[in-house]
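Enquirer: Let me give you the structure first, and then I'll get to my questions.
All of the numbers you see were taken from the coordinates with simple rules; none came from a lab. Not measured: the values here are computed from a predicted model. Every residue, glycine as well, gets a Cβ built from its backbone with ideal geometry; the counts of neighbours run over all protein chains shown.
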Amino acid sequence: MTDLIVTGSAGGTGTGADFLALGAVTALVTVAAAVRGIWSPCGLSMVSAINPFTERSRGNRYWLTALWFVAGSVLGGAMLGALAAVGAVLWGSVAGSVSVSVSVAAGVGSVGCLVAAASDSSTVRFRLPGHPRQVNEQWLGRYRRWVYACGFGVQIGVGFATYIMTAAVYLTVLLGALSASPATAFAVGLLFGLVRGLAVLLSSGARDPAALRRLHRRLDLLAPWSWRAVMLIEAAGAAVLGYAAAGMVGLALVAAPVVGVLMFAGSRTRQRHREASVPDSRPEPAVSQSEPAVSTDRYSPVPSRRR
């Protein structure tokens, strides 16, 4: 985000505080979007598929496989960054031709945060596409380690190739483009890919099936909190950028939608907790040993194949 502060490239004039606000929100949203992806069906599948004991059973060393996965994810993030960089070039040309100030970029970013929060919370009948696609786990037995690890990483790191767990992925590209700096936008994509890839290290302590089951139980417990955290960051981003765009007037304009989204998110979380506390007398459905179970609800913990 340094380029934003030093060059003031987010489209014309603006105070250092405006550039800092836009850069900080962009970084937080990027990290939040990448971390939230851990709870996608693909993210949980990677935890089950790439860990010390499964790699040992294939005759591979886990750390080398993880390194290939992270490298592939960074490469996928570079593709995402390239997309954001194209947007930055377009925004920069428009902003430069009409002398748009960074306050306008902050205002657009604030609206983007509100749209993302609304999509994630389902407060309105609107959701950005979730792209329900899994990686092909048959690669594990078909290709060499570097092929499947790097290939999975690329698909995970690019953001849009598999399940999109939060609208913050779209917001990441938008905020990167609003920097009007291709280098900054590209760095945003790299950051997303790096954080997304490092999630494979969560399974580094799973040296036997029991440890892997414990890890999945912990992830299941954290799933609703990860959704709530992304919502808070999107809402906070809308407020911060609204203030950067128009001071107290901008903050007042976004205050009502932000409060509404957060209240809905809180009520939904309480409802889920109540539903989870009611025992289910139905028999547990059988889960295929060849494919992980897939949830159609992007906010629910998704059971994964256990190895």
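Enquirer: Within region 130-170, which trypsin sites (Lys or Arg not before Pro) sit in a loop by DSSP and count at most 12 neighbouring Cβ atoms inside 10 Å?
Expert: Arg144
Enquirer: Between the DSSP loop rule and a limit of at most 12 other Cβ atoms within 10 Å, which chymotrypsin sites (Phe, Trp or Tyr not before Pro) in region 50-135 are left? Don't skip to the end; give the middle numbers.
Expert: Working: sites: Phe53, Tyr62, Trp63, Trp68, Phe69, Trp91, Phe126; in loops: Phe126.
Passing both the DSSP loop test and the Cβ count: Phe126.
Enquirer: Which length gain, in nm to one decimal place, applies between Arg144 and Ala24 when the Cα-Cα distance is subtracted from 0.36 nm times their residue separation? List each step's numbers first, then the result.
Expert: Numbers: separation 120, 0.36 × 120 = 43.20 nm, distance 3.99 nm.
Between Arg144 and Ala24, full extension yields 39.2 nm more.
Enquirer: Dividing the Cα radius of gyration by the Kirkwood radius, what Rg/Rh value follows for region 2-275? Numbers along the way, then the final one.
Expert: On the way: Rg = 19.7 Å, Rh = 19.3 Å.
We get a ratio of 1.02 for region 2-275.
Enquirer: Here's another thing I want to ask about it. If you split all Cα-Cα distances of region 171-213 into 5 Å bins from zero, what percentages do you get per bin, shortest first?
Expert: 5, 20, 19, 13, 10, 9, 8, 8, 6, 2
Enquirer: List the chymotrypsin sites (Phe, Trp or Tyr not before Pro) within region 179-264 that DSSP assigns to loop and that have no more than 16 neighbouring Cβ atoms inside 10 Å.
Expert: Loop-located and lightly packed - none at all.
Enquirer: Would you mind calculating the gained length between Leu202 and Arg133 on full extension (0.36 nm times residue separation, minus the Cα-Cα distance), in nm to one decimal?
Expert: Working: separation 69, 0.36 × 69 = 24.84 nm, distance 2.22 nm.
Computed gain between Leu202 and Arg133 is 22.6 nm.
Enquirer: Next question, about the same structure. Could you please state, rounded to a whole Å, how far the C-alpha centre of region 77-148 is from the C-alpha centre of region 149-180?
Expert: Using only Cα atoms, the two centres lie 6 Å from each other.
Enquirer: Taking +1 at the Cβ of each Lys and Arg and -1 at the Cβ of each Asp and Glu, which of Ala116, Pro132, Ser93 sits farthest along the dipole of region 55-134 towards its positive end, judged by Cα position relative to the Cα centre?
Expert: Pro132
Enquirer: Sticking with this structure for a sec: What's the Kirkwood radius of region 114-264 in Å, using all Cα pairs? Walk me through the intermediate numbers first.
Expert: Working: mean 1/r = 0.0561 Å⁻¹.
For region 114-264, the Kirkwood estimate is 17.8 Å.
Enquirer: Let me ask something additional. Assuming a ≥ b ≥ c are the square roots of the Cα gyration tensor eigenvalues, decide whether region 181-235 counts as rounded (a/c under 1.5), prolate (otherwise, with a/b larger than b/c) or oblate. Can you show the working numbers first?
Expert: Working: a/c = 6.92, a/b = 1.61, b/c = 4.30.
Because a/c hits 1.5 or more and a/b fails to exceed b/c, region 181-235 counts as oblate.
Enquirer: How far, in nm, would the chain grow between Arg218 and Met263 when pulled straight, counting 0.36 nm per residue and subtracting the alpha carbon separation? Write down the numbers at each step before the final one.
Expert: Details: separation 45, 0.36 × 45 = 16.20 nm, distance 2.60 nm.
In short, 13.6 nm is gained.
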